[in-house]
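Visitor: First the structure, which I've put down as structure tokens, then a few questions once you've had a look.
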Amino acid sequence: MGVDTQKETLGFQAEVRQLLDLMIHSLYSNKEIFLRELVSNASDAADKLRHEALTDDKLYEDDADLKIRVAYDKPARTITISDNGIGMSRAEVIDNIGTIAKSGTRQFLEALTGDKSRDLKLIGQFGVGFYSSFIVAERVTLTTRRAGLGPEHGVRWESTGQGEYNIENVDKPARGTEVTLHLRADEDEFLDDFRLRAIVHKYSDHITLPIVMKAEGKDEDETVNKASALWARPKSEITQEEYDEFYKHVGHDFEAPLAHLHSRVEGKQEYISLLYVPQRAPFDLWDREKRHGIKLYVKRVFIMDDAEQLMPNYLRFVRGVIDSNDLPLNISREILQHNRDIDAIRSGSVKKVLDLLADLAEKDKEKYAKFWGEFGRVLKEGVVEDNANRERIAGLLRFSSTHADQETPDVTLSDYVGRMKPEQDKIYFVTADSFAAARHSPHLEIFRKKGIEVLLMHDRVDEWVVMHLTEFDKKPLQSVAKGALDLGKLEDKEEKQQQEQATADFKELIEKIKQALVGQVKDVRLTHRLTDSPACLVADEHDIGANLERLLKAAGQKAPAGKPILEINPTHPIVTRLKAEADAKHFDDWTRILHDQALLAEGGELEDPGSFVTRLNGLLLELMK
């Protein structure tokens, strides 16, 4: 029976057209990677076939000898990469090549800058390597049939990469995919046996399937790669270049990784892990539907991509493979969620990654600083998520502080503890929505005067970090903007006597301010933390801080009801002037301005900015008289 071709000419999705143009121009200096990308896709197709065939071995169609073939035809000026993997249906071809059906597409395109070297790395992370064919090809023909469908369900796709493609049904007896590149006029260098073999050796030696080419001058196949699982080989036999190329394959990256670990565990559980830390954060690191980067194998057989059960969310940037000898081949994602072996593998893998980061932090501070700049905020999530490893993660954290007063986060909690004053028993910190706001917080004034270091926390996640990390090295963490300040032995007797005297002298003023600010503040008291500012707002010890309250509201969440405490500085001229103010209206205006200034200084927003300006202008005019 003849095949109903259903030939159509369809337009690429707008994002695909943008990507095609970008790839052709950005990748031109590294043209040979097209072969790596197509071989990698063929390898993935074979992995998917193996996995689906675990429950339906008829998909092999009496051909279980999986391989990838690379061929070239000089007279026709073509290169063909073919596989006998899972193949694609017509709908899958349209979805996988004509459109980009991925979450994060918009973020990816928005992240593109026009800087070719930076955009090149983003392209790799997005995993759209098929389009690299058009760097060297003026026309690409893809013929495919999905395993399990009849020969009449073959599909031919063809395009010049200029905005549209042709697709039709064809007869294809063998399952799998064949990609033929019709080379551009100036790309003859790739019509060479030695050149193609060299590219396979360079980029794809680690592919577990045999990659075959015809022997020079003979009509027989030769395997041109090692065709063994890299992770299963002894570490002593693997070069750094091989490790790097394998990472580029599993991580869909064009850059070498920042670091890797390769370990074999034997005992109750037997598994091998080869895990990588990338150099750069993927564009979709903050996407809630993000990819997880771990591939699961069982006894060298691919089981699944993106096995989120193998690595916690705060280590979602880790890429690599884990190969178990103990799990059943037919394991599903549902079973993974309730499996003791998986829990043990996950626990062991997390500890190894944290050990790798600790080693990096100790032995290569420059590399660790690079890691922290890319992934530090994600790692902080581990303090909230991972009770078992909280102390280890805490040791890896980096912060800014008043010690150097610079935004670069290079202070560890151990550094801080090592610099604590002999009488100091707490680790002090302040949280804010920016480094500048943290650095200029009025709550720091007494600490700067006494030379007490304060951590300047200005990442959004820091508020949740300090809620869960209550102590480090047996030293409690204390916000400088919460509760009544008690510096203990860091205050001398004279200071305490002055505070007691001021409390008595300003008792009447405090009561008057409370009356003026009824409903706006929880309490009014004298401050021990200000030296230069007239007033500040602080949260009560068990209330949430103002910065966390703002973050919750910005996220559309309801913040627990609570009002701040106003602290006034008895030595400041504005406060002493207020104490002497007899005019009730002036007193009320001064008090409200004092409160509103304190609110602005700690990053808050005024409910009624117009009234604030009116009061301030009125008082300025009075002073000018």
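Visitor: When you go through (1) modelled with pLDDT of 85 or more; (2) open to solvent by 80 Å² or more (accessible area, probe 1.4 Å); (3) of a type in the set (A, V, I, L, M) one by one for Ala561, which number turns out not to apply?
Guide: (1)
Visitor: Give segment 586-601 a look and list any residue that's open to solvent by 40 Å² or more (accessible area, probe 1.4 Å), touching a residue at least 40 places away in the same chain (Cβ under 8 Å) and of a type outside the set (A, V, I, L, M), or say none.
Guide: Result: Asp588, Arg592, Gln597.
Visitor: Sticking with this one: Scan segment 246-288 for residues that are free of Cβ contacts under 8 Å to residues at least 40 places away in the same chain, over 21 Å from Ala361 (Cβ atoms) and part of a loop (DSSP other than H, G, I, E, B) and report the count. Show your work before the answer.
Guide: Step one: filter segment 246-288 for residues free of Cβ contacts under 8 Å to residues at least 40 places away in the same chain, giving 256, 262, 264, 266-267, 286, 288.
Remaining after also requiring over 21 Å from Ala361 (Cβ atoms): 264, 266-267, 286, 288.
Retained after the next criterion (residues that are part of a loop (DSSP other than H, G, I, E, B)): 266-267, 286, 288.
Within segment 246-288, residues that are free of Cβ contacts under 8 Å to residues at least 40 places away in the same chain, over 21 Å from Ala361 (Cβ atoms) and part of a loop (DSSP other than H, G, I, E, B) number 4.
Visitor: Which of the residues that make up segment 542-553 are surrounded by 11 or more Cβ atoms within 10 Å (Cβ to Cβ) and either on the phi > 0 side of the Ramachandran plot or out of contact with any strand residue (DSSP E or B) (no Cβ under 6 Å at 6 or more places or on another chain) (or both)? Don't jump to the end; show me each part of the working.
Guide: Just the residues of segment 542-553 that are surrounded by 11 or more Cβ atoms within 10 Å (Cβ to Cβ), to begin with: 543-553.
Residues satisfying the conditions are Asp543, Ile544, Ala546, Leu548, Glu549, Arg550, Leu551, Leu552, Lys553.
Visitor: Sticking with this one: Quick one: in segment 128-147, which of the residues that are basic (Lys, Arg) and either at pLDDT below 95 or part of a strand (DSSP E or B) (or both) is surrounded by the fewest Cβ atoms within 10 Å (Cβ to Cβ)?
Guide: Step one: filter segment 128-147 for residues basic (Lys, Arg), giving 139, 145-146.
Cutting the leftovers down to either at pLDDT below 95 or part of a strand (DSSP E or B) (or both) gives us 139, 145.
Numbers: Arg139: 17, Arg145: 27.
Looking at residues that are basic (Lys, Arg) and either at pLDDT below 95 or part of a strand (DSSP E or B) (or both), I get Arg139.
Visitor: Does segment 503-518 hold any residues that are in contact (Cβ under 8 Å) with a residue 24 or more places away in the chain and within 51 Å of the chain's Cα centre (by Cα), and which are they?
Guide: Within segment 503-518, Ile510, Ile513, Ala516, Leu517 qualify.
Visitor: Has segment 513-520 got at least one residue that is at pLDDT 85 or above, polar (S, T, N, Q) and not in a loop (DSSP other than H, G, I, E, B)? Step through it out loud before you land on a result.
Guide: Of segment 513-520, the ones at pLDDT 85 or above are 513-520.
With the extra rule that they be polar (S, T, N, Q), the set shrinks to 515, 520.
Now restrict to residues that are not in a loop (DSSP other than H, G, I, E, B): 515.
Within segment 513-520, one or more residues are at pLDDT 85 or above, polar (S, T, N, Q) and not in a loop (DSSP other than H, G, I, E, B).
Visitor: Go through (1) within 25 Å of Leu397 (Cα to Cα); (2) within 32 Å of the chain's Cα centre (by Cα); (3) assigned to a loop (DSSP other than H, G, I, E, B); (4) in contact (Cβ under 8 Å) with a residue 24 or more places away in the chain one by one and return the number of the condition Asp543 breaks.
Guide: It is condition (1) that Asp543 fails.
Quick grid of which residues meet (1) part of a loop (DSSP other than H, G, I, E, B); (2) open to solvent by less than 50 Å² (accessible area, probe 1.4 Å); (3) under 21 Å from Val16 (Cα atoms):
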position	(1), (2), (3)
Leu149	yes, no, no
Val155	no, yes, yes
Gly161	yes, yes, yes
Pro173	yes, no, no
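Visitor: Hey, another quick one. Only residues that are loosely packed, with under 14 Cβ neighbours inside 10 Å and within 19 Å of Phe317 (Cβ to Cβ): list them for segment 351-365, please.
Guide: The answer is Lys351, Asp355, Asp359.
Visitor: For Ser236, are the conditions met, namely being of a type in the set (S, T, N, Q) and either open to solvent by 30 Å² or more (accessible area, probe 1.4 Å) or within 23 Å of Leu310 (Cα to Cα) (or both)? Give the steps one after another, and end with the answer.
Guide: Values: of a type in the set (S, T, N, Q): yes; either open to solvent by 30 Å² or more (accessible area, probe 1.4 Å) or within 23 Å of Leu310 (Cα to Cα) (or both): yes.
The answer is yes for Ser236.
Visitor: Can you name the residue in segment 602-625 that is among the acidic types (Asp, Glu) and within 42 Å of the chain's Cα centre (by Cα) and, of all such residues, is surrounded by the fewest Cβ atoms within 10 Å (Cβ to Cβ)? It would help to see each step written out before you state the result.
Guide: From segment 602-625, those among the acidic types (Asp, Glu) are 602, 605, 607-608, 622; that's our starting set.
Now narrow it down to the ones that are within 42 Å of the chain's Cα centre (by Cα): 602, 605, 607-608.
Details: Glu602: 22, Glu605: 8, Glu607: 10, Asp608: 11.
Filtering segment 602-625 for residues that are among the acidic types (Asp, Glu) and within 42 Å of the chain's Cα centre (by Cα), the one surrounded by the fewest Cβ atoms within 10 Å (Cβ to Cβ) comes out as Glu605.
Visitor: Hey, Ile303 hits all of (1) open to solvent by less than 10 Å² (accessible area, probe 1.4 Å); (2) in a helix (DSSP H, G or I) but one; which does it fall short on?
Guide: Among (1) open to solvent by less than 10 Å² (accessible area, probe 1.4 Å); (2) in a helix (DSSP H, G or I), Ile303 violates only (2).
Visitor: Here's a follow-up. Scan segment 446-462 for residues that are open to solvent by 30 Å² or more (accessible area, probe 1.4 Å) and not in a loop (DSSP other than H, G, I, E, B) and jot them down.
Guide: Arg448, Lys449, Lys450
Visitor: Residues in segment 366-388 that are without any contact (Cβ under 8 Å) to a residue 24 or more places away in the chain and either part of a helix (DSSP H, G or I) or touching a helix residue (DSSP H, G or I) at 6+ places or on another chain (Cβ under 6 Å) (or both): how many?
Guide: The initial filter retains those residues of segment 366-388 that are without any contact (Cβ under 8 Å) to a residue 24 or more places away in the chain, namely 366, 368, 373, 387.
Among the residues that remain, those that are also either part of a helix (DSSP H, G or I) or touching a helix residue (DSSP H, G or I) at 6+ places or on another chain (Cβ under 6 Å) (or both) are: 366, 368, 373.
Number of matching residues: 3.
Visitor: Tally up the residues in segment 329-350 that are open to solvent by 60 Å² or more (accessible area, probe 1.4 Å) and free of Cβ contacts under 8 Å to residues at least 40 places away in the same chain, please. Break it down into steps so the answer makes sense when it comes.
Guide: Our first condition is that a residue be open to solvent by 60 Å² or more (accessible area, probe 1.4 Å); within segment 329-350, this holds for 329-330, 333-335, 337-338, 340, 343, 346.
Checking the rest, the ones that are also free of Cβ contacts under 8 Å to residues at least 40 places away in the same chain come to 333-335, 337-338, 340, 343, 346.
Total meeting the criteria: 8.
Visitor: Continuing with the same structure: Restricting attention to segment 564-585, report how many residues are farther than 30 Å from His542 by Cα and surrounded by 18 or more Cβ atoms within 10 Å (Cβ to Cβ).
Guide: Count: 1.
Visitor: Under the condition of being open to solvent by less than 10 Å² (accessible area, probe 1.4 Å) and within 14 Å of Asp193 (Cβ to Cβ), which residue from segment 203-214 is nearest to the chain's Cα centre (by Cα)?
Guide: The residue in question is Ile211.
Visitor: Regarding Val518, is this residue closer than 25 Å to Lys585 by Cα, open to solvent by 20 Å² or more (accessible area, probe 1.4 Å) and not charged (D, E, K, R)? Break it down into steps so the answer makes sense when it comes.
Guide: Numbers: closer than 25 Å to Lys585 by Cα: yes; open to solvent by 20 Å² or more (accessible area, probe 1.4 Å): yes; not charged (D, E, K, R): yes.
Spelling it out, Val518 is indeed closer than 25 Å to Lys585 by Cα, open to solvent by 20 Å² or more (accessible area, probe 1.4 Å) and not charged (D, E, K, R).
The values are calculated or read from the model by the stated rules, or taken from the named source; none is laboratory data. Because the structure is a prediction, the values reported are computed rather than measured. Quick reminder, even Gly has a Cβ in these numbers, built from the backbone with ideal geometry, and neighbours come from all protein chains shown. Remember, those area values only see protein heavy atoms, side chains included, never the ligands or the DNA or RNA. Shrake-Rupley method; radii C 1.70, N 1.55, O 1.52, S 1.80 Å.
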